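We did not get these values from a lab; they are worked out from the coordinates using the rules stated. Keep in mind the model is a prediction, meaning the values are calculated, not measured. Here the Cβ is made from the backbone with ideal geometry for all residues, glycine too, and neighbour counts use every protein chain on show.
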């Protein structure tokens, strides 16, 4: 029997419509998932995925969200979206979020001021930066597995430093060797094994397969290297005090990137933040606990109306 997360992702894929929008002559690919409850759902959630992922990583949560329309773009340089000409920094990604929401607003697809803007992992830094700098002004913010403290001081700081060396080597080696290193199936599988906390064998196999299929879906090693440097250059805690919108933080008890203690410290910096902890889960809430995450999101949206 297929695991529930895979079934939810499959259900989302069935109703997803692929679209494109040109932003400064660069194409951003995105997917629109219509609410299952109503053809004219008033709520829209725009989701920003994590580093080295693409829109597929969030589809299990999309499949579990029944009461809102959902839009998930591929980050520039990942999936089907074209890369930036300049550096793939937090600042540039934050501007891109604002440009993307403005373009969808101009087309009438969304009202940028009434959406819920959601980020996962690296996407939480991008979302927090965009909102703090007022490049995006959503009605509310959701941060799943937020990177809330400096990555180099997280629960696995040594692993992060080793990872930094890996990306440095990927950028410094000759092109063919660098690409082979950054796209190494062995490295991807090792990362997947490290992050997955579930003991469900079927779910673990599916998680590994999703990472195998999507974790090396970047445009070039320049994008991969710049994106990693961006991911360790900032954190949600730096932006929290400038975010006034109601904010929901969904954290994993066993997250290897940011400790529970650091998540609570970051929460205190927000003007209006609620923190929900999912026990037994780490940095892969979007794979391991999509139904719980979806219910928390729906309750948060309902309470904030």
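For a footprinting-style exposure proxy, rank 253, 226 by other Cβ within 10 Å, fewest first.
Ordered by Cβ neighbours within 10 Å, fewest first: 253, 226.
Could you work out [θ]222 nm for the chain from helices alone, using -39500 (n - 2.57) per DSSP H run of at least four and dividing by all its residues? Round to the nearest 500 deg cm²/dmol. Before the final figure, lay out the partial values.
Numbers: 13 runs with 137 residues, N = 305.
When only DSSP H runs of four or more count, the value is -13500 deg cm²/dmol.
Could you identify which residue out of 191, 47, 249 has the top mean-square fluctuation in a GNM of the chain using Cα springs shorter than 10 Å?
Its mean-square fluctuation being the largest, the pick is 191.
Rank these for me by crowding, 8, 213, 182, going from fewest to most other beta carbons within 10 Å. List each step's numbers first, then the result.
Details: 8 20, 213 12, 182 24.
Listed from fewest to most nearby Cβ atoms, that is 213, 8, 182.
Would you please classify the overall shape of the stretch 249-305 from the alpha carbon gyration tensor, given that a ≥ b ≥ c denote the square roots of the eigenvalues, rounded means a/c under 1.5, and beyond that prolate means a/b larger than b/c while oblate covers the rest?
Details: a/c = 2.96, a/b = 1.09, b/c = 2.71.
Because a/c hits 1.5 or more and a/b fails to exceed b/c, the stretch 249-305 counts as oblate.
Select from 29, 113, 68 the residue whose mean-square fluctuation is largest in a Gaussian network model of the chain (Cα-Cα springs shorter than 10 Å).
Looking only at 29, 113, 68, the biggest GNM fluctuation is shown by 113.
Select from 264, 286, 56 the residue whose mean-square fluctuation is largest in a Gaussian network model of the chain (Cα-Cα springs shorter than 10 Å).
264
Rounded, prolate or oblate: which fits the stretch 226-278 when a ≥ b ≥ c are the square roots of the eigenvalues of the alpha-carbon gyration tensor, with rounded for a/c under 1.5 and prolate only if a/b beats b/c? Let's see the in-between values first.
Details: a/c = 2.18, a/b = 1.17, b/c = 1.85.
In terms of gyration-tensor shape, oblate.
Provide the percentage of antiparallel DSSP beta bridges, counting only those with both residues in the chain; round to the nearest 5. Can you show the working numbers first?
Numbers: 13 of 35 bridges.
Bridges in the chain are about 35 percent antiparallel.
Give me 202, 305 ranked fewest to most by other Cβ atoms within 10 Å of their Cβ, as a rough exposure proxy.
On the way: 202 14, 305 8.
The fewest-first ordering by Cβ neighbours comes to 305, 202.
What is the gain in length, in nm to one decimal, between residue 202 and residue 164 on full extension, counting 0.36 nm per residue of separation less the C-alpha to C-alpha distance?
Details: separation 38, 0.36 × 38 = 13.68 nm, distance 3.11 nm.
That pair, residue 202 and residue 164, stretches by 10.6 nm at full extension.
So how many Å³ per residue does the convex hull of the Cα atoms of the chain work out to? Let's see the in-between values first.
On the way: hull volume 35.7 nm³, N = 305.
Convex hull volume per residue, Cα atoms: 117 Å³.
When a/c reaches 1.5 or more, the comparison of a/b and b/c decides; with that in mind, is the stretch 174-305 rounded, prolate or oblate per its Cα gyration tensor?
Numbers: a/c = 2.33, a/b = 1.47, b/c = 1.59.
The shape class here is oblate.
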